[in-house]
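Only one structure is covered here, and it is reproduced in the block below.
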Amino acid sequence: MTATTHRHGLPNRQVVVVGNGMVGHRFVELAAAIPGVAITVLGEEPRAAYDRVHLSDYFAGASASDLALPAAPSTATVRAGERVTAIDRESKAVRTDRGRRIGYDTLVLATGSYPFVPPIDGRDLPHCHVYRTIEDLDAIAASGAGAEVGVVVGGGLLGLEAANALTNMALATHVVEFAPGLMGTQLDDGGGTMLRGMIEDLGVAVHTGKNTLRIVPGEAARHRMEFADGDSLETDLVVFSAGIRPRDELARDCGLATGERGGIAVDESCRTSDPDIFAIGECALYDGRIFGLVAPGYEMAKVAASVLAGNGDATFHGADMSTKLKLLGVDVGSIGDAHCRTRGASAYTYIDQRTRVYKRIVVNRTGKKLLGAVLVGDTADYGMLLQTMLNELALPKHPDTLILPQRDGGGMPAGAVCALPDSAQICSCHDVSKGAIVAAVADGASTLGAVRGCTKASTGCGGCAPLVTQLLNAELEARGIEINTDLCEHFPHTRQELYHLVRVESIQSFDALIAAHGRGRGCDICKPAVTSILAACWNDHVLTRPHAPLQDTNDHFLANMQKNGTYSIVPRVPGGEITPDKLIALGEVAKKYDLYTKVTGGQRIDLFGAQVHELPLIWRELIDAGFETGHAYGKAVRTVKSCVGSTWCRYGVLDSVGMAIAIENRYKGLRAPHKLKFAVSGCTRECAEAQSKDVGVIATEIGWNLYVCGNGGMRPRHADLFATGLDDAALIALIDRFLMFYIRTADRLQRTSVWMENLEGGLDYLKSVIVEDSLGLVADLEAEMAHVVGTYECEWKATVEDPEKLKRFRTFVNSDEGDDSLVFVRERGQRRPALASEAA
Amino acid sequence: MPAMYSAAWTTVCDLDALLPDVGVRALVGDTQVAVFRLSGPDGVFAIDAFDPFSGAPVLSRGIVGDVKGQLVVASPIYKQHFNLHTGQCLEDEAVAIRTFPVRVVDGHVQVRQPSCVYPMTSPSSA
């Protein structure tokens with residue numbers, strides 16, 4: 001019996017993992033979370049798991065520790081540099097080269113692969129290497145000393161990676177390939193030819209169709225390679241990178257089923273022929289195939305860990321082997337059936353020899369479905385094409401428009417929404433799929449209102465309205481119908497155009513704007529949008545009389561309407577820092593007015609269930625206790641979440657709380673096209689989750705790193721790194737400009753992420769405008785922000801001090817009482833709205 | 001038999017108390033009514049305060065405007081539009097809310113009680 005036991009007294013299940021590469025490591029990370037499992041990892045490499053995919057970075061200046069993966073969970077025992085020599089299935093134990101015998105309940109083989117070296121005489125000579133481990137790279141680097149010429153044998157993906165490494169060592173680099181073209185697995189002949197031209201332009205000599213016979217001592221260089229056609233090549237070092245083979249020798253020796261050409265056979269649970277033994281990653285053979293990419297390996301790790309955890313539903317069914325990468329600086333992408341091998345398939349090809357772009361798509365017999373693609377020199381369409389293939393999206397009438405340059409608006413409409421499958425759920429409230437919306441458009445719905453009318457999409461929480469609009473526009477464009485980007489039927493302008501009109505013409509009111517540039521009375525779309533523009537431009541107090549009828553009820557009553565018509569109140573708690581006295585004050589107010597109390601995700605406290613007439617009473621008490629409005633009701637800056645930072649945390653490098661409070665106080669109340677969330681983390685452990693925010697700030701040893709355009713919510717998006725190593729002033733200046741540029745140019749209800757994705761040029765363009773001042777806007781943006789910051793006032797303070805503004809806070813115009821028809825029930829010590837069934 | 005139709009009007013407020021295009025909620029008998037005074041010459045409207053989609057008495061707190069030539073208020077909860085003249089929902093032709101007669105007398109806004117519009121009978125007594 002094993003010595004360790006689970007703390008509940010159950011014996012631990014002993015899991016032994018053979019191989020400490022990326023896939024094995026991923027498995028350990030996942031499996032460590034399973035209760036009652038004790039993990040031992042045995043890896044023959046002398047170091048802990050590292051990022052082999054970015055191995056070439058080692059030659060570009062990265063150190064071994066840069067490549068290191070996060071340490072394995074502390075509950076796992078990792079024995080690096082200890083090789084498993086045999087598996088004894090009968091007694092369920094492995095033996096190692098250190099004479100250890102380790103018993104297992106479950107064994108996981110993640111042994112990976114080894115580089116294939118062709119049977120060439122002289123391949124064992126000094127300065128002949130393979131390209132797989134950090135030790136290999138160290139050996140190559142050592143051979144590089146005093147060398148002038150290097151040869152890579154193998155013109156595939158890994159071979160070109162190795163060639164890149166040799167050029168980084170400043171060697172005259174040759175690539176020798178047996179096949180007639182480069183990257184024959186991923187590219188067709190045309191793509192391979194284009195790639196070859198581009199690589200040769202970079203100074204790498206490419207020799208294809210070369211069969212190396214032997215390596216002999218050289219005259220000018222260390223070695224001479226002799227080829228079957230009589231040619232020869234002198235070189236100081238040789239790197240073999242001619243493919244990989246699965247490491248299946250342990251499995252073979254203990255009688256597990258293996259493939260004819262190698263690989264440990266597994267089923268869809270990643271189990272081998274012995275149910276107690278799993279195999280994952282490049283050593284595993286599923287359905288006759290080896291999956292030599294990290295993503296399918298990770299998928300297998302996930303499946304094996306799920307099965308181990310008792311989830312029998314998790315299965316692996318193969319993986320798409322499409323890849324996109326940069327080789328020697330050349331963008332290369334390969335999708336699906338790149339070689340047009342499917343029966344009945346045909347291809348479209350676009351070649352631009354001037355700027356060196358090669359694009360090819362392979363379509364099925366009917367021309368309706370995409371089967372594969374090759375991209376060399378320009379992989380911008382990779383994501384869209386891949387999604388089109390994976391989701392079997394219908395192709396446009398003329399599929400060649402997918403790869404032809406779009407000069408006059410032709411081709412497939414841009415935008416991520418096009419890549420979503422028809423089955424993708426767009427509106428989660430009413431379960432409306434993309435297909436249903438597309439069908440509605442096909443049936444003649446040409447406005448958001450019409451789509452809402454026939455599909456109910458975005459009539460629930462409304463969070464999907466921007467996505468529905470994007471989809472609608474894309475569909476209309478695909479059908480050749482002119483897109484109406486008007487804000488609504490009252491204004492033949494976009495929000496951005498209206499923003500400029502307001503600014504340029506100094507327009508101060510909705511009535512003036514609609515008289516000059518619109519028609520009709522306005523509606524619930526344009527009135528709040530224009531109010532937001534006016535507020536962002538002039539920062540008038542939002543309750544001033546001409547604004548009153550223009551606003552959503554939340555802005556009107558400065559609180560958040562809930563489903564039963566009552567409101568919730570969220571006082572500002574800058575940075576999430578709150579004194580005990582203030583906390584007590586919140587509690588006392590909530591108790592007095594019987595408000596349901598909940599801590600929000602933004603580190604504040606939400607008080608629910610207030611009627612209109614109660615709002616000023618509650619706020620008077622909150623203001624007396626030192627609170628300000630939290631603007632939770634507005635399309636405005638909400639919260640700046642923070643971790644506790646260097647003040648208390650042993651890992652913190654900067655004062656994240658102080659910075660969060662400074663940021664929150666600077667931008668509080670700022671009106672924007674969409675709500676804005678911020679966060680500040682005090683170190684790269686990122687406890688404040690800043691990378692899920694519109695503006696995220698992370699402290700590093702050299703200053704603040706700024707991330708922008710992330711969001712949580714329905715379609716989470718990681719923020720993009722925007723600038724690094726900033727001091728406080730530089731950080732604030734960049735945020736000023738970023739926010740003001742967003743407010744100036746975004747559409748109504750457009751989040752920062754969607755806004756940036758729709759900017760031509762995306763993140764780079766944004767950097768050019770905001771960091772490099774390419775439009776000469778920076779001074780204006782900063783001045784506008786300074787104006788807004790300088791005119792801030794707490795809307796609730798202004799309201800409770802003004803009898804005129806207080807007049808509207810009545811539940812009934814003809815009674816001082818509240819609405820006693822509201823029905824609540826008590827649950828877990830607080831009240832909540834009654835369900836319809838409870839109310840009856 | 002009592003008169004089923006009497007001219008019982010309830011004064012809810014002064015016209016001056018109504019901001020143009022900003023609704024208020026009023027109690028007319030036991031019924032919660034949303035009252036709007038539109039800017040311009042269109043006058044005063046009274047409709048049911050209850051939004052049939054959310055079941056909450058919120059329509060006085062919607063934004064008023066015009067959509068396709070119809071005067072409407074938008075529910076602040078799920079954004080459906082209701083015609084202020086007829087109560088018809090623009091997004092769902094099967095749904096309409098009640099509208100109530102409203103008038104301005106000597107500067108007072110008056111709404112006629114809904115009990116005067118419908119016979120005071122219940123299915124059991126019919």
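Please treat every number below as a calculation from the coordinates, not as lab data. Predicted model, so just to flag it, every value in this text is computed and none were measured. Virtual Cβ from ideal backbone geometry, glycine too; neighbours counted across all protein chains shown.
Here are a few things to note about the model shown:
- Annotation: the antiparallel percentage among DSSP beta bridges lying fully within the protein assembly as shown is about 70.
- Working from Cα pairs under 8 Å separated by at least six residues, relative contact order for segment A:128-242 is 34 percent.
- Long-range amide H partners of residue A:129 with built H, under 5 Å: A:238, A:239, A:240
- With Cα atoms defining each centre, segment A:223-268 and segment A:641-675 are spaced 54 Å apart in the structure.
- Order of A:458, A:91 - criterion: other Cβ atoms within 10 Å of each residue's Cβ, fewest first: A:91, A:458
- Label zone at residue B:11 (point 7 Å along Cα-to-Cβ), backbone N below 20 Å, segment B:18-34: B:18-19, B:24-31, B:33-34
- Sorted by Cβ density within 10 Å, fewest first, the residues A:538, A:796, A:648, A:755: A:648, A:538, A:755, A:796
- Qualifying GluC sites (Glu not before Pro) in segment A:686-763, DSSP loop, other Cβ atoms within 10 Å at most 14: A:701, A:760
- If R0 is taken as 25 Å, the Cβ-Cβ distance between residue A:450 and residue A:836 corresponds to a FRET efficiency of 0.25.
- Between residue A:772 and residue A:88, full extension at 0.36 nm per residue minus the direct alpha carbon distance yields a gain of 239.8 nm.
- Summary value for chain A: 6 percent relative contact order, contacts being C-alpha pairs under 8 angstrom separated by 6+ residues.
- Highest average packing first - A:27-33, A:390-396, Cβ atoms within 10 Å: A:27-33, A:390-396
- Relative to the current alpha-carbon distance between residue A:101 and residue A:77, full extension at 0.36 nm per residue lengthens the span by 7.2 nm.
- At R0 = 60 Å, FRET efficiency that the Cβ-Cβ distance of residue B:104 and residue A:724 yields, to 0.05: 0.35
- Size of electric dipole in the protein assembly as shown: Cβ of Lys, Arg +1 and of Asp, Glu -1, about Cα centre, debye, nearest 20: 1720
- When each full DSSP H helix of chain A is screened for a Cα extent of at least 24 Å along its own axis and an average Kyte-Doolittle hydropathy of at least 1.0, the helices passing are A:728-745.
- Residue exposure sequence - A:129, A:517 - by fewest surrounding Cβ within 10 Å: A:517, A:129
- R0 of 22 Å, Cβ-Cβ distance residue A:592-residue A:802: FRET efficiency to nearest 0.05: 0.40
- Distances between placed amide hydrogens fall under 5 Å for residue A:13 paired with A:37, A:38, all partners being 5 or more residues away or on another chain.
- Every helix of 4 or more DSSP H residues in chain A counts as -39500 (n - 2.57), and over all residues that averages to -8500 deg cm²/dmol at 222 nm.
- Over segment A:323-412, relative contact order from alpha-carbon pairs under 8 Å, at least 6 apart, %: 26
- 5 angstrom amide H check on residue A:81, placed H, neighbours 5+ away: A:43, A:44, A:45, A:47
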